[in-house]
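In what follows, a single structure is set out as structure tokens and then discussed.
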Amino acid sequence: MPKLKIYNTLTHNTENFEPMNTTIGFYACGPTVYNYAHIGNLRAYISQDILRRVLKYNGYKIKHVMNITDVGHLTDDADTGEDKMEKGAQREGKTAIQIADFYTNAFKNNLQDLNILEPNIWCKATEHIPEQIKQVQDLIDGGYTYETTDGIYFDTTKIKDYGKLANLQKQELEAGKRVDIGEKKNPHDFALWKFSNEQEKRQMEWEAFGKKGFPGWHIECSAMSMKYLGDQFDIHAGGIDHIPVHHTNEIAQAESVTGLKPWVKYWFHNEFLIMGNEKMAKSSGNFITLQTLKDKEIDPLSYRYFILQSHYRKQTNFSWDAINSAQLGLKNLRKQIRNIGPNALTDPIIEIEFLKAINNDLNIPEALAILWSAIKENKVNLDTIIMFDKIFALDLHEPDTKIEITDEIQTILDERQKARNEKNWSESDKLREELKNIGIDVDDTADGQKISQI
Ligand code: AMP
Ligand code: ZN
């Protein structure tokens, strides 16, 4: 049987998957809930969902944890700018908690629309402040930190392998020295805890380290993942933008607190969704949401299908043409599946080929190609497709949309059946056109006429 191999950002290699623990601890960086997720963000969660489903298909037990960032993520990832949550609250004239609740719900609805499995544990940054303060205190006690006027910083020169995840080169570190680093000692040093600015009233602040303040963005993920998954666990996931700063800093924190390496064995990162020639991003305004797709009558699962057509480590370019053809492609796939007769048999090679593809660093585009050609060659039955759909989660076996068979449709179908019995093909074609004019497609299968919405 083909064994699971996945690309590990930490070793920069595709490796055999050999977990440290019997239940796989899987932590995914969740959304910052100050606005709707865009469909680029959702690519990250679809990719992670595929990973989770492939692990399950291989018989692994998984404990999936996802955080909700509801404090501390500044508009600039490098510890400057405004707090995104406070900014969202000002924009909408609501409290930060109201904003967080609203966009957390919207995010969960997006996951449901996309058939993304819910994590086993959701954890909010604001509900884990004591755990974060404790981790900062441990780092202070370990001698890894220094204080400036605006916060407590991690001194990255205290650890030898800082930047190993991103392969941060020495040259880059030196080039960084030329940028203005304010009171920081080194360009890559980062905030563990920020002090509130006395001039500005913040909605979310806590008393710690002798002042009012709030956590830096990275500490929530190391503190919460370790609370739920232990000091060392198997998989940590996010988009590639998290490699050089967020995940690099999480590793620095976690490994310094425990002294255990590696903190996480496999690092899983998806490539970007781009639009035009740029990364889809909220900050640049170059983004669309799932609701925008729905408003244009694009089924969220057509978006999932669009994403599955590219390997998760390749950039993919969103365009309206591409999403429209994905929608047609998925409809067509479901239609072909509806036409598979009850006596169809699966060629055992197909199931092995499928497993080989998904276990080869989640090669879902290839798995889809295997399914398409197996259908064309009559080598797959419905049970196998239902099993494959545990990975794709495209509702492949469901009717496209429930069609209400009106009297008008039934009359045309009856007349057409009569014409076919009489081998009156021109009449049968004429009636097919009549059905088309009212939005119905008809196929002639071994089990009789089958209809679907155009
Ligand atoms: P954020 O809410 O900004 O923390 O991002 C949520 C997730 O989306 C993270 O895993 C990001 O790395 C990922 N992400 C952000 N932009 C994109 C994009 N254009 N394509 C794919 N993933 C992205
Ligand atoms: Zn994170």
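Within the range 388-424, restricting attention to residues that are of a type in the set (A, V, I, L, M, F, W, C) and farther than 20 Å from ILE46 by Cβ, the residue that is surrounded by the fewest Cβ atoms within 10 Å (Cβ to Cβ) is ILE405. Where residues in the range 241-261 are away from ligand 2 (no atom under 15 Å from the Cβ) and open to solvent by 50 Å² or more (accessible area, probe 1.4 Å), which of them is nearest to the chain's Cα centre (by Cα)? It comes out as LYS261.
Residues are listed down the side, and each one gets a yes or a no for (1) within 14 Å of ligand 1 (Cβ to nearest atom); (2) buried (at least 19 other Cβ atoms within 10 Å of the Cβ); (3) modelled with pLDDT under 95; (4) not assigned by TED's automatic domain parsing to the domain that holds THR23:
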{"residue": "GLY213", "(1), (2), (3), (4)": "no, yes, yes, no"}
{"residue": "TRP217", "(1), (2), (3), (4)": "yes, yes, yes, no"}
{"residue": "CYS221", "(1), (2), (3), (4)": "yes, yes, no, no"}
{"residue": "MET226", "(1), (2), (3), (4)": "no, yes, no, no"}
{"residue": "LEU229", "(1), (2), (3), (4)": "no, yes, no, no"}
{"residue": "ASP234", "(1), (2), (3), (4)": "no, yes, no, no"}
{"residue": "GLY239", "(1), (2), (3), (4)": "yes, yes, no, no"}
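Scanning the range 1-35 for residues that are more than 21 Å from ILE307 (Cα to Cα), within 9 Å of ligand 1 (Cβ to nearest atom) and of a type in the set (A, V, I, L, M) returns a single hit, VAL33. Taking the criterion of being in a helix (DSSP H, G or I) and at pLDDT below 95, no residue of the range 130-156 qualifies.
Looking only at the range 50-78, count how many residues are assigned to a loop (DSSP other than H, G, I, E, B), surrounded by fewer than 22 Cβ atoms within 10 Å (Cβ to Cβ) and either at pLDDT 90 or above or among the charged types (D, E, K, R) (or both). Summing the residues that are assigned to a loop (DSSP other than H, G, I, E, B), surrounded by fewer than 22 Cβ atoms within 10 Å (Cβ to Cβ) and either at pLDDT 90 or above or among the charged types (D, E, K, R) (or both) in the range 50-78 gives 4. When TRP320 is tested against (1) away from ligand 1 (no atom under 13 Å from the Cβ); (2) within 20 Å of the chain's Cα centre (by Cα); (3) open to solvent by 40 Å² or more (accessible area, probe 1.4 Å), just one condition goes unmet, and that condition is (2). A single member of GLU127, GLU118 is at pLDDT 90 or above, in contact with a Lys or Arg (Cβ under 8 Å, 6 or more places away or on another chain) and of a type in the set (Asp, Glu), and it is GLU118.
Meeting the requirement of 1 or more residues that are in the same structural domain as ASP447 (by TED's automatic domain parsing) and of a type in the set (Ser, Thr, Tyr), the helices (runs of 4 or more DSSP H) wholly within the range 343-430 are 407-421. Please determine, by comparing only the residues of the range 277-289 that are out of contact with any Phe, Trp or Tyr (no Cβ under 7 Å at 6 or more places or on another chain) and under 15 Å from HIS38 (Cα atoms), which one is modelled with the highest pLDDT. Taking the candidates together, the pick is ILE288.
Among the residues of the range 301-310, at least one is within 12 Å of ligand 1 (Cβ to nearest atom) and either within 22 Å of ALA28 (Cα to Cα) or open to solvent by less than 30 Å² (accessible area, probe 1.4 Å) (or both).
Which of the residues belonging to the range 431-451 are aliphatic (A, V, I, L, M), in a strand (DSSP E or B) and open to solvent by 30 Å² or more (accessible area, probe 1.4 Å)?
Listed by number, the list holds a single entry, ILE451.
If you check LEU168 against the conditions, is it in a loop (DSSP other than H, G, I, E, B), over 30 Å from GLY93 (Cβ atoms) and open to solvent by less than 40 Å² (accessible area, probe 1.4 Å)?
In short, yes.
Among the residues of the range 36-52, write down those that are touching a helix residue (DSSP H, G or I) at 6+ places or on another chain (Cβ under 7 Å) and near ligand 1 (Cβ under 9 Å from one of its atoms).
Passing the criteria: ALA37, ILE39, LEU42, ARG43, TYR45.
The single condition among (1) in contact with a Gly (Cβ under 6 Å, 6 or more places away or on another chain); (2) within 20 Å of THR248 (Cα to Cα) that ILE99 does not meet is (2). Is the range 262-270 home to any residue that is part of a helix (DSSP H, G or I), at pLDDT 95 or above, crowded, with 24+ Cβ neighbours inside 10 Å and not polar (S, T, N, Q)? No: the range 262-270 contains no residue that is part of a helix (DSSP H, G or I), at pLDDT 95 or above, crowded, with 24+ Cβ neighbours inside 10 Å and not polar (S, T, N, Q).
Can you confirm whether GLY93 is under 30 Å from LYS201 (Cβ atoms), open to solvent by less than 10 Å² (accessible area, probe 1.4 Å) and over 21 Å from the mean Cα position of the chain (by Cα)? Answer is no for this residue. When the range 262-276 is limited to residues that are within 15 Å of LEU42 (Cα to Cα) and either hydrophobic (A, V, I, L, M, F, W, C) or in contact with a Phe, Trp or Tyr (Cβ under 6 Å, 6 or more places away or on another chain) (or both), the one that is farthest from ligand 2 (Cβ to nearest atom) turns out to be MET275.
The values are calculated or read from the model by the stated rules, or taken from the named source; none is laboratory data. The structure displayed is predicted, hence computed values, not measured ones. Cβ atoms come from the backbone with ideal geometry, glycine included; neighbour counts cover every protein chain shown. For the accessible areas, the whole protein counts, side chains as well, though only heavy atoms, and no ligand, DNA or RNA atoms are used. Shrake-Rupley method; radii C 1.70, N 1.55, O 1.52, S 1.80 Å.
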